[in-house]
Amino acid sequence: MGKKILIVDDDMEISSLVQYALESAGHQIQVCDNGREVMAALRSYKPDLLLLDVMLPGVDGYSLANQITENADTKNLPIVVLSALEPSRTMFQKFEQVSAFLTKPFNTDDLLEAVKTALDKKP
């Protein structure tokens, strides 16, 4: 059985593509399309990995990464950031749990490799 992964992206095409690729690799997927629902989804779903977009309605990805880092229940959750904003890469370098930053559009092989690497690092 694959790992549980939460995808947070407001672009349904990207979410669907990522969900398909990860389910094909055997993972369990839940999708969240805005930043307001993420902390509740993390508590209820308890994913092994978070795929996080930067620009989201409600709460942006950077603010969410801060909240996740400061929360005792989620501070060790590995994060892969997905963004069309290449310059925002440097903002996420301060977070130890961010194991990869993929610039949209990305290819699914790179996504699967980033997911595998992030899950292998998880304590």
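Annotations
- The stretch between Asp11 and Gln93 holds 27.1 nm of extra length on full extension. This uses 0.36 nm per residue minus the Cα-Cα distance.
- Of the peptides 90-98, 26-34, the order by per-residue mean of other Cβ atoms within 10 Å, starting with the highest, comes out as 26-34, 90-98.
- Cβ crowding within 10 Å, taken as a proxy for footprinting-reagent exposure, orders Leu52, Leu102 from fewest neighbours to most as Leu102, Leu52.
- Peptides 104-112, 7-15 ranked from most to least packed, by the mean per-residue count of other Cβ atoms within 10 Å: 7-15, 104-112.
- Length-normalised contact order of the chain in % [C-alpha pairs under 8 Å, at least 6 apart]: 23 percent
- Overall Cα dimensions of the range 4-121 - principal axes, largest extent first, Å: 32, 31, 28
- Taking Lys and Arg as +1 and Asp and Glu as -1, the other residues whose beta-carbon sits under 14 Å from that of Leu112 total -3.
- Nitroxide proxy distance, nm - points 7 Å out along Cα→Cβ at Ala41 and Lys104: 1.3 nm
Every read-out reported here was derived from the displayed coordinates using simple, explicitly stated rules and does not represent laboratory data. None of the values given here were measured: they were computed from a predicted structure. Neighbour counts run over all protein chains shown; Cβ positions are idealised from the backbone, glycine included.
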